[in-house]
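Dumping the structure here so I can ask a few things about it.
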Amino acid sequence: MALYSEKVMDHFRNPRNVGIIEDADGIGEVGNAKCGDIMKIYLKIENEIIVDAKFETFGCASAIASSSMATELIKGKPVSEALALTNQAVVWALDGLPAPKIHCSVLAEEAIKKALQDYCEKNGVEYSHNSYEGQPS
Ligand code: FES
């Protein structure tokens, strides 16, 4: 059995949404101390909708595939849905990851949450890891 699914290989070889957003509304950077991988997510948000998402990932194939898939999953979605994105959803969308690589998908979830937290803080919205209530002031 192949170690990586075709979807993982596709998103690793042809990652979607690589890059930065200069005037991002939210930026989230996370790292994993054990493997040393770093992921940075940029979000452009208009009227509570994520109109663009980009990433820079310095890491393994699974981290790059997870960033690529995660940004695809949240683009065009409301902030509340993006906040509800779990690493498990990223793993499913990639048709699975090997067990030792699950933490790479966790990095994607954390980076998105951090970017959303940044957006909330900049816009005076109360942030909770699990829910999103209220409009920016
Ligand atoms: Fe750590 Fe992939 S090995 S993010």
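Once you've got the Cα coordinates, tell me which of Lys34/Lys122; Lys34/Lys77; Lys77/Lys101; Lys75/Lys114; Lys40/Lys101 are over 24 Å apart.
Lys34/Lys122; Lys34/Lys77; Lys77/Lys101, as the Cα separations exceed 24 Å there.
If I stretch the segment between Ile20 and Ile38 completely, what's the gain in nm (0.36 nm per residue apart, minus their alpha carbon distance), one decimal?
5.0 nm
Quick one: the Cα spread of the chain along its three principal axes, in angstroms, biggest first?
Sorted largest first, the three principal extents are 51, 28, 28 Å.
For Glu81 and Ile102, compute 0.36 nm times the residue count separating them, minus their Cα-Cα distance, and round to one decimal in nm.
Value of the extension gain: 5.4 nm.
I need the phi-derived Karplus couplings for the range 34-40: 6.51 cos²θ - 1.76 cosθ + 1.60, θ = phi - 60°, integer Hz, Gly and Pro marked x.
So the Karplus estimates, Gly and Pro as x, are 6, 9, x, 6, 10, 9, 10 Hz.
Mind checking the per residue accessible area of the chain for me, 1.4 Å probe, whole number of Å²?
51 Å²
Relative contact order for the range 1-136: what percent, with Cα pairs under 8 Å and sequence separation of 6 or more?
Computed over the range 1-136, the figure is 28 percent.
Okay, next question. Roll a 1.4 angstrom probe over the protein heavy atoms and tell me the percent of accessible area of the chain that is carbon or sulfur.
C and S fraction of accessible area: 51 percent.
Follow-up. Kindly identify the range 27-100 as rounded, prolate or oblate by the Cα gyration tensor criterion: order the square roots of the eigenvalues as a ≥ b ≥ c, call it rounded if a/c is under 1.5, otherwise compare a/b with b/c, prolate if a/b is larger, else oblate.
Because a/c hits 1.5 or more and a/b fails to exceed b/c, the range 27-100 counts as oblate.
The values are calculated or read from the model by the stated rules, or taken from the named source; none is laboratory data. Predicted model only: the values in this text are computed from it and were never measured. Areas reflect the complete protein model, heavy atoms only, side chains present, ligands, DNA and RNA absent. Shrake-Rupley method; radii C 1.70, N 1.55, O 1.52, S 1.80 Å.
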